[in-house]
Amino acid sequence: MANMSFFASLLAFFVTSSRLTKWKGEVKKRIDADYKEGGQRNWVQVFCNGGVPTELALLYMIETGPGEIPVDFGKQYSATWMCLSLLGALACSAGDTWASEIGPVLSPSSPRLITTWREVPVGTNGGVTPVGLLASLLGGMVVGLAYFVSQLLFVKDLNLAAPQWPIVVYGAMAGLLGSLLDSYIGATMQYSGYDKGKVVNHQTNSSQWICGKPILDNNAVNLFSSILIALILPGMSWGFWPVQ
């Protein structure tokens with residue numbers, strides 16, 4: 001195990017996402033043609049959500065070895081970058097999962113396509129709602145909170161490092177921005193059509209086009225979103241991160 005904080009955030013993502021995927025399954029079956037009973041995930045989905053964090057954890061072990069360190073750009077620049085990249089990737093995946101599992105069920109209004117802001121059917125790739133966006137922020141925040149609490153429990157001499165509370169805010173922002181990025185990629189590069197009362201992700205002879213091109217599937221969209229958040233967000237946070 002590279003780091004207890006990595007494990008805690010990974011556990012928070014998988015436990016909450018698994019529970020939410022199974023939640024209100026009877027409702028989701030009526031609106032999602034690809035919904036699977038019990039919310040089962042195959043190895044491709046697991047890889048696309050967990051592949052980037054796993055690679056970053058290995059790089060962290062090569063760079064610093066296994067163990068706990070505070071998030072501190074001033075004293076541990078490269079290791080901090082990898083920690084925030086990993087956290088960003090997990091929070092991005094959590095935010096997207098929370099939004100897609102909670103938004104369609106609880107939103108009182110129809111989703112709007114992120115590229116044109118026109119109303120689209122529930123389940124359309126790239127459709128966003130206020131409830132879904134709030135859920136994505138909370139999903140990322142839960143992952144960030146798990147990372148933060150494990151820092152308090154396992155990191156020694158934390159008083160000598162930069163403040164750690166921004167980790168929670170960072171997780172929330174990664175969840176929200178990751179969900180927005182996922183929605184934009186899905187709206188433009190993933191096919192959405194309407195067929196027999198449900199939104200479908202593949203073209204059929206009877207489906208009516210809603211948005212997107214058949215370039216990526218949902219797993220690829222998730223993978224690209226988490227990669228981009230892992231690459232970009234640590235650099236954006238560097239200038240705002242407090243110092244000791």
Given the conditions (1) surrounded by fewer than 23 Cβ atoms within 10 Å (Cβ to Cβ); (2) charged (D, E, K, R); (3) modelled with pLDDT under 95; (4) within 20 Å of G212 (Cβ to Cβ), every one holds for D96 apart from (1)
Just the residues that are free of Cβ contacts under 8 Å to residues at least 60 places away in the same chain, more than 17 Å from L181 (Cβ to Cβ) and either touching a strand residue (DSSP E or B) at 6+ places or on another chain (Cβ under 8 Å) or of a type in the set (G, A, S) (or both), please, taken from region 117-166.
R118, E119
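Of V168, V143, V120, which residue is of a type in the set (V, I, T) and open to solvent by 20 Å² or more (accessible area, probe 1.4 Å)?
V168
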Here are some residues: V105, V128, V199, V168. Which one is at pLDDT 95 or above and farther than 18 Å from S9 by Cβ?
V128
Across region 171-210, what is the number of residues that are within 19 Å of T115 (Cα to Cα) and among the charged types (D, E, K, R)?
1
Enumeration of residues in region 123-140 that are farther than 22 Å from D217 by Cα, touching a Leu at 6+ places or on another chain (Cβ under 7 Å) and buried (at least 24 other Cβ atoms within 10 Å of the Cβ):
G140
Matching residues, region 191-210, being in contact (Cβ under 8 Å) with a residue 12 or more places away in the chain and of a type in the set (S, T, Y)
Y191, S192, Y194, S207
Hits in region 21-47 (condition: at pLDDT 75 or above and in contact with a Gly (Cβ under 8 Å, 6 or more places away or on another chain))
T21, K22
Across region 183-223, the tally of residues that are out of contact with any helix residue (DSSP H, G or I) (no Cβ under 6 Å at 6 or more places or on another chain), part of a helix (DSSP H, G or I) and open to solvent by 10 Å² or more (accessible area, probe 1.4 Å) stands at 6
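The values are calculated or read from the model by the stated rules, or taken from the named source; none is laboratory data. All values derive from a computational prediction rather than experimental measurement. A quick note on method: Cβ atoms are made from the backbone with ideal geometry, for glycine too, and the neighbour counts reach across all protein chains shown. When the accessible area is computed, the model is the full protein with side chains, heavy atoms only, and any ligands, DNA or RNA have been set aside. Shrake-Rupley method; radii C 1.70, N 1.55, O 1.52, S 1.80 Å.
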